[in-house]
Amino acid sequence: MRKSPWLFSLVAGVFLVAGSSVVSAAQFDKVIETRQDLMKDISAAGKAMRSAADAAGVAAGADKLAGLLAKINADSFPKGSSDGSRAKPEIWEQWDKFAAAAKNASDAARSIAAKARAGEDTAALVKGFGRSACGSCHRPFRKPKERS
């Protein structure tokens, strides 16, 4: 009995698709881990900026914060990478709004750094940064922590 070439192709295609979804899941796990590390670094930079003892420290912390916030992009949030993370689907449904919020947060940190270097009072800006800049992404685009 002769085997049909289409049957071989079908079986090979099923294994190829199944194998690629495993690779994609593993890739997303790495992307999510890298993204979570980035967010932890952003949080640490924000704390450093808030706890700085002088204008030079505020500027350094804000510069670092701005650079880290600028890394929030399509590479750190590829479509489909919400499973296993606190990222809401709204990120990809409203990508322009999400990207603008990340850019605005980075710009706000740069502004704080520039004002600190210029000797301006940045206390109110630093104090409100988390609520205004970080919150503009977290409120609409991040799921709350699960209660244990």
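Only a single item in (1) in contact with a helix residue (DSSP H, G or I) (Cβ under 6 Å, 6 or more places away or on another chain); (2) under 23 Å from E33 (Cβ atoms); (3) of a type in the set (A, V, I, L, M, F, W, C) is not met by L125, and it is number (2). Listed by first and then second residue, the pairs linking a residue in segment 65-93 that is under 12 Å from R35 (Cα atoms) to a residue that is surrounded by fewer than 19 Cβ atoms within 10 Å (Cβ to Cβ) and of a type in the set (D, E), with Cβ atoms under 6 Å apart and 6 or more places separating them unless they lie on different chains, are L68/D41. Give segment 30-82 a look and list any residue that's open to solvent by less than 70 Å² (accessible area, probe 1.4 Å) and part of a loop (DSSP other than H, G, I, E, B), or say none. Those that are open to solvent by less than 70 Å² (accessible area, probe 1.4 Å) and part of a loop (DSSP other than H, G, I, E, B): A52, A70, I72, N73, A74, S76, F77, P78, G80, S81, S82.
Restricting E146, E120 to residues that are within 21 Å of the chain's Cα centre (by Cα) and either at pLDDT below 90 or not in a helix (DSSP H, G or I) (or both) narrows the list to E146.
When you check S111 against the structure, is it hydroxyl-bearing (S, T, Y), within 13 Å of the chain's Cα centre (by Cα) and either open to solvent by less than 70 Å² (accessible area, probe 1.4 Å) or within 23 Å of T34 (Cα to Cα) (or both), yes or no?
no
Screening D96 against (1) surrounded by fewer than 14 Cβ atoms within 10 Å (Cβ to Cβ); (2) part of a loop (DSSP other than H, G, I, E, B); (3) without any contact (Cβ under 8 Å) to a residue 12 or more places away in the chain leaves a single unmet condition, (2).
The values are calculated or read from the model by the stated rules, or taken from the named source; none is laboratory data. For clarity, every value in this text was computed on a predicted model and none was experimentally measured. Quick reminder, even Gly has a Cβ in these numbers, built from the backbone with ideal geometry, and neighbours come from all protein chains shown. In case anyone asks, the SASA skips ligands and DNA or RNA and just uses the protein heavy atoms, side chains included. Shrake-Rupley method; radii C 1.70, N 1.55, O 1.52, S 1.80 Å.
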